[in-house]
Amino acid sequence: MSIKTKVAVPPRPYNKAQRLCQELEAQLLAGELLPGSLLPSERILAQEHQLSRSVVREAMQLLASRGLIETYQGGGSRLLNPLAHYFEQASLGRGVAENSTELQLAVLEMRWVLEGEAAFYCAQRATDEELQALQAEFARMEARRDEPNTLERAKADLHFHMLIAQCSHHFLLIALAQVLYSRFFNAIYGVLSKNQQRTGSYPPYIESQHERIYQAIVQRQPEQARQAAQAHILYTRQRLEEMDGVPGR
């Protein structure tokens, strides 16, 4: 009786469209392409990668089939945030008032994890150009120090933290920061607004805490950046607990 042996079949090589799709996916995972941003046009991608427009169009179709991009009439394509769908469908927070202490504390606890890790990786991975952009964003936030409008100060605050996440080059941190800050902005803003209403002022020490986060990042001290970011959120949470008489968790 003869024994049949299986001959290993080499994997089918990627065609040009598949390779381009893989390259763009890799850039997304490396944080070089940001969820929500527009991809270059098909013409520009074809020139950059020395491919035909038809190959680029096929690669865009592959990305769309994987739920990574949305293509608009006229050829524009925007990268999708793969976590956004789950936040839209989830019932978390629905039926719970966004000014409730329960939800505000839950969001702060999530921010404690997210912003600590974002600051850590930002200090490690941000390019020199990105640190310059962070410096400019920090200066804009500082310029709003005396802004009487709490809403505008809250927006400037989150822009600063969002840029740190983007410069972390950590795909999941970027995606999570985008959906957390947009989905629960009212809960985040509500903490500052509540402080303003009850004490008549913006929470003290916030500016100095932002300064410590910023300095640790630009000096490329990852662990110090993480600790400064987490201390910032912990302070905000403690302020909220004191205002609402909530026992410390």
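The values are calculated or read from the model by the stated rules, or taken from the named source; none is laboratory data. Source: prediction; values computed, not measured. Don't worry about glycine lacking a Cβ; one is built from the backbone with ideal geometry, like all the others, and counts go over all protein chains shown. Surface accessibility is based on the protein's heavy atoms, side chains included, excluding ligands, DNA and RNA. Shrake-Rupley method; radii C 1.70, N 1.55, O 1.52, S 1.80 Å.
Put the Cα centre of the stretch 114-157 next to the Cα centre of the stretch 185-206 and the gap is 18 Å.
In order along the stretch 50-61, the phi-based Karplus estimate (6.51 cos²θ - 1.76 cosθ + 1.60, θ = phi - 60°) of 3J(HN,Hα) comes to 6, 10, 7, 4, 5, 5, 4, 4, 5, 5, 5, 5 Hz; Gly and Pro are listed as x. Taken over the stretch 96-178, the ratio of Cα radius of gyration to 2.2 N^0.38 Å equals 1.19.
In order along the stretch 140-150, the Karplus-derived 3J(HN,Hα) couplings, from 6.51 cos²θ - 1.76 cosθ + 1.60 at θ = phi - 60°, round to 5, 5, 5, 5, 9, 4, 9, 5, x, 7, 5 Hz, and Gly and Pro are given as x. Within the chain, what whole-number % of the accessible surface is contributed by carbon and sulfur, with the 1.4 Å probe and all protein chains included in the calculation? The nonpolar share, carbon plus sulfur, comes to 53 percent. Note on the chain: Rg/Rh from Cα positions, Kirkwood definition for Rh, rounded to two decimals, is 1.10. About its Cα centre, the dipole of the chain is roughly 960 debye, where the only charges are +1 on Lys and Arg Cβ and -1 on Asp and Glu Cβ.
At the residue level, Phe87 shows approximately 50 square angstrom of accessible surface with a 1.4 angstrom probe and all protein chains present. With the convex hull of the Cα atoms taken as the outline of the stretch 144-249, the averaged projected area works out to 7.1 nm². Only helices enter the 222 nm calculation for the chain: every DSSP H run of n ≥ 4 contributes -39,500 (n - 2.57), and dividing by all residues gives -21500 deg cm²/dmol, rounded to 500. Rg/Rh for the stretch 25-170 stands at 1.04; both radii use Cα atoms, and Rh follows the Kirkwood definition. Each Cα pair under 8 Å and six or more residues apart adds its sequence gap; the mean of these over the residue count of the chain is a relative contact order of 23 percent. Surface exposure of the stretch 144-202, expressed per residue as accessible area with a 1.4 Å probe, stands at 42 Å².
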